[in-house]
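Here's the structure, in structure tokens; my notes come after.
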Amino acid sequence: LYNPPFHMTDANFMERWSTGKRQDGTEWIKIDFGDTVNLTQVTLNVNNDAGDYPRHYDVRFTAAADPTFKGKVLVTDDGMPGNTVILFKGIVTGRYLTVRQTLDVTDGPWWTIAEVLASCVDP
């Protein structure tokens, strides 16, 4: 892939991950933090690709892998041009963060993420 997934977490804002196709409502990303963490917010940074934001998204944060997206949706929202800032209601605890882009955008843009930035706290 020209824009592989590891670009979302490589600390290089000049590289990116992207879907490589228009958003059709089936796209998702999953971040495994490697251990349980406490989050207050997550930012999906797009760097210079302000139009490549998720048009509508659902966010789950689970203790175990959730391959069929059965975990509780913690945040659902419409995206806006630029960075997507996901604010949780208080501190959420888990290991696997899943963000699903759920809108079919005919002739729409790709979904791009330069870096996933997570705000972690000690309980």
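The values are calculated or read from the model by the stated rules, or taken from the named source; none is laboratory data. Computed from a prediction, not measured in an experiment: that's the story for all the values here. A quick note on method: Cβ atoms are made from the backbone with ideal geometry, for glycine too, and the neighbour counts reach across all protein chains shown. With ligands, DNA and RNA removed, areas are computed over all heavy atoms of the protein, side chains included. Shrake-Rupley method; radii C 1.70, N 1.55, O 1.52, S 1.80 Å.
Tabulated data
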read-out: Criterion (modelled with pLDDT of 95 or more and touching an Asp or Glu at 6+ places or on another chain (Cβ under 7 Å)) met by exactly one of Thr84, Thr76, Thr93, Thr62; value: Thr76
read-out: Residues that are surrounded by fewer than 18 Cβ atoms within 10 Å (Cβ to Cβ), under 17 Å from Arg60 (Cβ atoms), of a type in the set (D, E, K, R) and in contact with a strand residue (DSSP E or B) (Cβ under 7 Å, 6 or more places away or on another chain), drawn from segment 88-123; value: Arg95
read-out: Unmet requirement for Asn3, which otherwise passes all of (1) at pLDDT 95 or above; (2) surrounded by 14 or more Cβ atoms within 10 Å (Cβ to Cβ); (3) of a type outside the set (Ser, Thr, Tyr); value: (1)
read-out: Val85 open to solvent by less than 20 Å² (accessible area, probe 1.4 Å), hydrophobic (A, V, I, L, M, F, W, C) and either in contact (Cβ under 8 Å) with a residue 60 or more places away in the chain or under 18 Å from Glu115 (Cβ atoms) (or both); value: no
read-out: Looking only at segment 20-78, and only at residues there that are within 14 Å of Arg95 (Cβ to Cβ) and of a type in the set (Asp, Glu), the one that is most open to solvent (accessible area, probe 1.4 Å); value: Asp35
